[in-house]
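Visitor: Quick one: structure below, then a few questions.
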2 protein chains.
Amino acid sequence: METKAQALEIAKTQLQLRGYNGFSFQDIANELGIKKASLHYYFSSKEDLGLALIEDYAAAFQQWADKLAELSPYEKIEKYILMFYSFAQDNLKICPAGVFCVDFNALPVRMQKSITELQDTQRRWLEKALIRGIKDGDFKKSLKAKDTANLLIAACQGGLQLARFQDNCRVMKSTCQTLLDLLTDI
Amino acid sequence: METKAQALEIAKTQLQLRGYNGFSFQDIANELGIKKASLHYYFSSKEDLGLALIEDYAAAFQQWADKLAELSPYEKIEKYILMFYSFAQDNLKICPAGVFCVDFNALPVRMQKSITELQDTQRRWLEKALIRGIKDGDFKKSLKAKDTANLLIAACQGGLQLARFQDNCRVMKSTCQTLLDLLTDI
DNA sequence: TTTATTCTACCTACCAGTAGGTAGGTAATC
DNA sequence: GATTACCTACCTACTGGTAGGTAGAATAAA
């Protein structure tokens, strides 16, 4: 079972560094030191691996969100940005969801559905936090939760891409901080 | 010469819909109704095609920017967002630069350089408009041009991705409008 | 004005390499 | 003896890319 988890971990890294069409079973096998065919023992197809990757990330997000339940809306948003920032810090990785977006039209339908769901979950979580945050005065009263949630996701995803182009992970942080300031300032 | 331009156009569409690793010479040849080998008459390698794609987009941006020289800073930013929105309107395409970001680490060095330059050009253009806009009072005085330029790019790029996931191009528009409001409101 | 040459815009046929994937086997563990 | 965790050995389909050829248009030389 160790091997499967390792394979998944390698795949996740490759995905975030090179995109879904940018890595192969062979790459993973090489890094693991086993044969490519053996990977099919764990993942019957690349679609299968892709789905596992998405589910994994979805589960990690859920777990992450659960830990933050007690925090204030503002702190939640801060942590959300920080989560993305930690991607950038790690070799300028980008978010899995962002990766899949680019390849979206070249993806199997089941993966498309799964990734869309994941994205929806994140948006709903953000929206919920923002609704409370706006009511509580953490954020500007004039904000609409839905649009703001989208803006936050966009800034985080886009921020990761900027960081990669500028070869500097702090760009992502300052970009999102700029937005955060705009959301709170009265 | 017509064929080369057509090939480039098809490649551009494929790139924006499926990513750089999501289309092949064969795809383009099929759509053109010529043989794959004949494409190598125009583009000696895929890297060559990729570079042409980037240069093409860079030239188009320059031309676009030149036409806007007389507009006010605020109008320029508005048009910038609208340019991205027109991508989304056209089959939920995303920005070429955003596409290349995901595949970045899997790209030939020359392409990496070229795409980074393009991104820099856009950022400088935005920054210049913002510096004037902030001084003129089009935008909040407290804004830093550099960070704001990055935030705008991030929101546009990210907004396109959101639009694709939500299968609705207007999401991109409302996301960026939300940001624009935040940048102007006093 | 004819002839010779060269260029354009493709073609067929092929290459090595890699993609995802499968069939069937083996050695160790429960 | 069944299950687990691999393996070897293969397959088909496709990738980017090359070698060599050709019909026809353009250009230059006789």
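The values are calculated or read from the model by the stated rules, or taken from the named source; none is laboratory data. Note that the coordinates shown come from a computational prediction; the quantities given were computed from them, not determined experimentally. We place every Cβ from the backbone using ideal geometry, glycine too, and count neighbours over all the protein chains shown. For accessibility, only protein heavy atoms count, side chains too; no ligands or nucleic acids. Shrake-Rupley method; radii C 1.70, N 1.55, O 1.52, S 1.80 Å.
Visitor: Please go through region A:1-24 and pick out each residue that is away from chain B (no Cβ under 14 Å) and either basic (Lys, Arg) or within 8 Å of DNA strand C (Cβ to nearest atom) (or both).
Guide: Correct list: A:LYS4, A:LYS12.
Visitor: Take the conditions in contact (Cβ under 8 Å) with a residue 12 or more places away in the chain, buried (at least 20 other Cβ atoms within 10 Å of the Cβ) and in a helix (DSSP H, G or I) and apply them to B:LEU92. Does it pass?
Guide: no
Visitor: Answer yes if at least one residue in region A:123-133 is open to solvent by 10 Å² or more (accessible area, probe 1.4 Å), at the interface with chain B (Cβ under 8 Å from one of its Cβ atoms) and touching a residue at least 40 places away in the same chain (Cβ under 8 Å), and no otherwise.
Guide: Looking for residues that are open to solvent by 10 Å² or more (accessible area, probe 1.4 Å), at the interface with chain B (Cβ under 8 Å from one of its Cβ atoms) and touching a residue at least 40 places away in the same chain (Cβ under 8 Å), one finds none in region A:123-133, hence no.
Visitor: Sticking with this one: Of the conditions (1) in contact with a Lys or Arg (Cβ under 8 Å, 6 or more places away or on another chain); (2) at the interface with chain B (Cβ under 7 Å from one of its Cβ atoms); (3) not polar (S, T, N, Q), A:ALA149 clears all except one; give me its number.
Guide: If we test A:ALA149 against (1) in contact with a Lys or Arg (Cβ under 8 Å, 6 or more places away or on another chain); (2) at the interface with chain B (Cβ under 7 Å from one of its Cβ atoms); (3) not polar (S, T, N, Q), just (2) comes out false.
Visitor: For residues that are touching a residue at least 12 places away in the same chain (Cβ under 8 Å) and not β-branched (Val, Ile, Thr), scanning just region A:25-35, find the one that is nearest to the other protein chains (Cβ to nearest Cβ).
Guide: Here the residue is A:ASP27.
Visitor: Mind listing just one residue for me: the one in region B:43-85 that is within 11 Å of DNA strand D (Cβ to nearest atom) and assigned to a helix (DSSP H, G or I) and, of those, nearest to B:THR121 (Cα to Cα)?
Guide: B:GLY50
Visitor: Conditions first: (1) open to solvent by less than 50 Å² (accessible area, probe 1.4 Å); (2) in contact with a Leu (Cβ under 6 Å, 6 or more places away or on another chain); (3) more than 16 Å from DNA strand D (Cβ to nearest atom); (4) within 14 Å of chain A (Cβ to nearest Cβ). B:GLY98 passes all but one, so which condition is the exception?
Guide: So B:GLY98 meets the others, but not (2).
Visitor: Which one is surrounded by the fewest Cβ atoms within 10 Å (Cβ to Cβ), of the residues in region B:157-174 that are in contact (Cβ under 8 Å) with a residue 12 or more places away in the chain and facing chain A (nearest Cβ under 7 Å)?
Guide: Among those that are in contact (Cβ under 8 Å) with a residue 12 or more places away in the chain and facing chain A (nearest Cβ under 7 Å), it is B:VAL171.
Visitor: I'd like the full set of residues that are surrounded by 15 or more Cβ atoms within 10 Å (Cβ to Cβ) and either assigned to a helix (DSSP H, G or I) or near DNA strand C (Cβ under 8 Å from one of its atoms) (or both), limited to region A:25-39.
Guide: A:PHE25, A:ASP27, A:ILE28, A:ALA29, A:GLU31, A:LEU32, A:LEU39, listed by residue number.
Visitor: Looking at region A:159-177, which of its residues are among the small types (Gly, Ala, Ser) and within 15 Å of B:GLN161 (Cβ to Cβ)?
Guide: The one that is among the small types (Gly, Ala, Ser) and within 15 Å of B:GLN161 (Cβ to Cβ): A:GLY159.
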